[in-house]
Structures are given as C-alpha cells and as structure tokens.
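Worksheet: the structure to be examined is printed underneath.
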C-alpha cells in the first residue's frame with residue numbers, strides 16, 4: 001500500500017475511533033432562556049408589566065416600532081440599550097427578587113416598564 005494511502009486510512013481510523021465522526025465530542029446545547037417580547041411605540045411599552053423568575057437569566061426582546069429612538073434603561077441594574085427607530089435588539093439580565101422599573105429615557109413621561117421578579 002502506498003504511504004499516502006496508509007496515512008489517510010490511519011487518520012480515518014483514528015477519527016472514527018475517537019468518536020469525532022459521531023459527534024461524541026460535541027457539547028450539549030445550552031437550555032433556551034425564558035424570553036419575553038416588549039414592543040415600544042411612541043414611547044409606550046407593551047406590555048407595561050411583566051412577571052419573570054427571580055435569580056435566573058432571562059431574555060427581553062425589544063422592538064422599537066416608533067418613529068424615533070428608544071433608550072431602554074435601568075440605572076440600578078446597569079442595563080442600557082439604545083435602539084434606532086424601527087430597530088430590534090435584546091438584553092439578557094438576571095434579576096434579583098423584587099420590582100424593577102425600566103424606562104425609555106427619551107420618553108420619561110410614558111415610557112415605563114415594571115418587571116416583577118418572583
């Protein structure tokens with residue numbers, strides 16, 4: 001058997017023997033995060049109130065359907081996300097138990113979202 005062919009067979013046998021071809025080396029996919037979608041239009045959050053699990057990571061999808069920018073913020077939790085008009089983004093947070101007020105800094109009078117972590 002020519003040397004290049006025997007080398008190729010050796011590599012193939014090693015690859016199969018170690019389980020690489022079967023995916024045995026792959027890690028399990030992480031569990032999906034609990035996710036909520038928040039729509040903001042003309043400085044108003046929908047919904048205005050959410051209940052989420054405390055002490056675990058959650059994902060908040062933000063959809064700015066308004067004509068102007070959105071600044072989603074909670075200063076105490078060091079969360080800030082700025083979205084252009086018609087943009088979509090997300091934040092991942094781990095909230096301690098309690099009530100957490102998020103605001104749209106560009107629409108303080110109407111842009112409030114209360115997130116209750118239980």
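Read-outs throughout are calculated quantities, based only on the coordinates presented, and are distinct from any laboratory measurement. The model shown is predicted, which means the values in this text are computed figures rather than measured ones. Note: ideal-geometry Cβ built from the backbone for every residue, glycine included; neighbour counts use all protein chains shown.
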**Prompt:** Taking residue 71, is it more than 18 Å from residue 36 (Cβ to Cβ) and in a strand (DSSP E or B)?
**Reply:** yes
**Prompt:** Out of the residues in region 36-59 that are under 18 Å from the mean Cα position of the chain (by Cα), part of a strand (DSSP E or B) and free of Cβ contacts under 8 Å to residues at least 40 places away in the same chain, which is farthest from residue 85 (Cα to Cα)?
**Reply:** 57
**Residue, nearest to the chain's Cα centre (by Cα), within region 60-83, restricted to residues that are surrounded by 17 or more Cβ atoms within 10 Å (Cβ to Cβ) and more than 16 Å from residue 101 (Cα to Cα)** = 63
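To keep it simple, each residue is scored yes or no on (1) in contact (Cβ under 8 Å) with a residue 24 or more places away in the chain; (2) assigned to a strand (DSSP E or B).
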{"residue": "61", "(1), (2)": "yes, yes"}
{"residue": "67", "(1), (2)": "yes, no"}
{"residue": "77", "(1), (2)": "no, no"}
{"residue": "82", "(1), (2)": "no, yes"}
{"residue": "86", "(1), (2)": "no, no"}
{"residue": "92", "(1), (2)": "yes, yes"}
